[in-house]
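One structure is given here, and the rest of the page talks about it.
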Amino acid sequence: MVPDLRGRTILQVLPALGTGGAERGCVEVAAAIGAAGGRALVASAGGAMLRDLARAGGEHITLPLGGKNPVTIWRNIRRLEAVIRDHGVDLVHARSRAPAWSAHAACRRLGIPFVTTVHAPYNQGSAAKRLYNSIMVRGDRVIAISDYIARHIVETYGVDPARIRTIPRGVDLRQFAIEAVSAERIIALARTWRAPDDRPIVLMPGRLSRWKGQAVVIDALARLGRRDLHCLIVGSDQGRSGYRQELIARIAAKGLNGVVQLVDHCDDMPAAYMLSDVVVSTGGTRQGFSRTLVEAQAMGRPVVAEDGGGAAESVLAGVTGWLAPAGDPAALAEALQSALSLTIERRAEVARAAQEQVRGRYGLAQANRQLLQLYERLARA
């Protein structure tokens with residue numbers, strides 16, 4: 001059934017519109033809401049993806065929703081109530097904890113549906129932290145981005161499984177397609193990064209964050225001991241300059257200067273995947289899902305990932321990629337070696353299996369249709 005949101009206004013709330021997966025998902029959903037005849041509003045503190053949101057047909061409302069101070073959260077309840085009333089909002093979808101607290105209270109006061117998406121297994125270090133996290137399972141419906149996250153919600157918070165909907169993030173199969181990327185785009189990106197054309201490329205996309213595991217990949221490459229390859233670690237440090245310097249020092253200490261290269265945020269990821277021979281993603285049980293792994297497989301690239309967490313669900317071990325125990329550089333090195341050693345024939349088999357899997361489960365249109373059908377049912381009720 002095609003979702004019909006004509007006459008409906010959907011508000012998504014999140015701290016800011018940066019360059020992460022949740023933010024990209026927010027923009028993609030805004031475009032889908034518009035295509036279904038609805039009005040897409042996004043409230044946040046703004047950020048790098050404001051232009052993308054405007055191109056998608058969404059409208060932005062600037063609010064200080066990233067603040068965790070209880071006073072700020074309390075004030076944002078009133079601000080969101082005003083937005084909901086002034087714009088005739090039918091449903092609010094929260095994608096992060098701080099804005100979710102404010103949005104939950106505003107929705108309850110005004111009697112409109114409240115939906116949340118749990119993107120990760122949040123740190124449960126203390127009772128206070130657990131309480132703070134619990135807002136993400138108080139939605140009328142709670143969206144889990146993987147089966148792993150759905151299990152985590154039930155086991156950690158005792159949520160009734162009937163309130164949970166598992167909707168993995170989708171990938172635009174028109175954009176992330178081999179035939180959609182010209183040779184000129186690949187060459188231009190290789191020149192920008194000064195990537196060698198006589199060595200296999202290992203690509204690790206993702207913002208620079210300690211839990212993402214860039215250090216584990218560097219250690220694995222050191223154990224691999226090969227200088228006939230080039231690893232591109234691609235992602236913004238988002239102000240974490242100290243961590244970037246740690247990685248640079250680690251690369252030097254492991255004797256990998258000239259083998260491992262850090263590059264900033266990339267605006268043409270389809271070309272980046274086409275430039276690569278193997279794509280790696282780490283993070284273990286901290287990963288609720290890995291868009292990187294799905295995008296890479298859509299482009300027919302063999303993938304290597306750490307087992308555990310939601311990321312592992314998208315990799316068919318031995319068929320579309322390899323899985324290594326989390327935090328084990330030796331095992332990761334072995335998996336990378338296997339991926340780099342594929343024959344031309346075997347590589348083609350892996351590419352076909354990967355693309356078939358992505359088309360069957362991770363298409364953007366399929367994910368958006370499930371989410372918009374949920375919006376429609378709740379708003380109608």
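The values are calculated or read from the model by the stated rules, or taken from the named source; none is laboratory data. Here the structure is a predicted model, which means the values were calculated and not measured. Virtual Cβ from ideal backbone geometry, glycine too; neighbours counted across all protein chains shown. Keep in mind that these areas ignore ligands, DNA and RNA; they rest on the heavy atoms of the full protein, side chains included. Shrake-Rupley method; radii C 1.70, N 1.55, O 1.52, S 1.80 Å.
Scanning region 164-176 for residues that are in a loop (DSSP other than H, G, I, E, B) and either charged (D, E, K, R) or more than 29 Å from Tyr375 (Cα to Cα) (or both) gives Arg169, Asp172, Arg174. Here Leu80, Leu65 are screened, and the one residue that is open to solvent by less than 10 Å² (accessible area, probe 1.4 Å), touching a residue at least 24 places away in the same chain (Cβ under 8 Å) and in a loop (DSSP other than H, G, I, E, B) is Leu65.
Residues of region 90-100 that are open to solvent by 10 Å² or more (accessible area, probe 1.4 Å) and within 14 Å of Pro113 (Cα to Cα): Asp90 alone. A residue that is touching a strand residue (DSSP E or B) at 6+ places or on another chain (Cβ under 6 Å), farther than 21 Å from Ile201 by Cβ and of a type outside the set (A, V, I, L, M, F, W, C) occurs nowhere in region 331-346. Residues in region 86-145 that are more than 22 Å from Gly158 (Cβ to Cβ), hydrophobic (A, V, I, L, M, F, W, C), part of a helix (DSSP H, G or I) and within 22 Å of the chain's Cα centre (by Cα): Ala98 only. Among residues of region 130-153 that are touching a residue at least 40 places away in the same chain (Cβ under 8 Å) and under 16 Å from Ser290 (Cα atoms), those with a Cβ under 7 angstrom from a residue that is surrounded by fewer than 23 Cβ atoms within 10 Å (Cβ to Cβ) and acidic (Asp, Glu), sequence gap 6+ or separate chain, pair up as Ser146/Glu313; Asp147/Glu313; Tyr148/Glu313. Taken over region 275-307, the criterion of being without any contact (Cβ under 8 Å) to a residue 40 or more places away in the chain and open to solvent by 10 Å² or more (accessible area, probe 1.4 Å) is satisfied by Asp307 alone. Taking region 146-163 as the range and being assigned to a loop (DSSP other than H, G, I, E, B) and either of a type in the set (Gly, Ala, Ser) or surrounded by 18 or more Cβ atoms within 10 Å (Cβ to Cβ) (or both) as the test, the residues that pass are Ser146, Gly158, Val159. Restricted to region 275-327, and to residues there that are within 23 Å of Arg151 (Cα to Cα) and of a type in the set (D, E, K, R), the residue that is modelled with the lowest pLDDT is Arg286. If you check Arg39, Arg85 for being open to solvent by 70 Å² or more (accessible area, probe 1.4 Å), touching a residue at least 24 places away in the same chain (Cβ under 8 Å) and in contact with a strand residue (DSSP E or B) (Cβ under 7 Å, 6 or more places away or on another chain), only one passes: Arg39. A single entry from Asp267, Asp328 fulfils the requirement of being within 18 Å of the chain's Cα centre (by Cα) and either closer than 21 Å to Ile233 by Cβ or basic (Lys, Arg) (or both): Asp267. Val358 meets the conditions (1) out of contact with any Leu (no Cβ under 6 Å at 6 or more places or on another chain); (2) over 22 Å from Gly25 (Cβ atoms) in every case but one. The failed one is (2). For region 4-21, a tally of residues being more than 18 Å from the chain's Cα centre (by Cα) and either under 20 Å from Ala103 (Cα atoms) or open to solvent by 20 Å² or more (accessible area, probe 1.4 Å) (or both) returns 7. For region 30-44, the set of residues classified as of a type outside the set (Ser, Thr, Tyr) and under 18 Å from Cys107 (Cβ atoms) consists of Ile33, Gly38, Arg39, Ala40, Leu41, Val42, Ala43, listed by residue number.
Against the criterion of being under 25 Å from Ala351 (Cα atoms), surrounded by 13 or more Cβ atoms within 10 Å (Cβ to Cβ) and at pLDDT 95 or above, Leu256 does not qualify. Looking across Arg75, Arg24, one residue alone is open to solvent by 50 Å² or more (accessible area, probe 1.4 Å), of a type outside the set (Val, Ile, Thr) and touching a residue at least 60 places away in the same chain (Cβ under 8 Å). It is Arg24.
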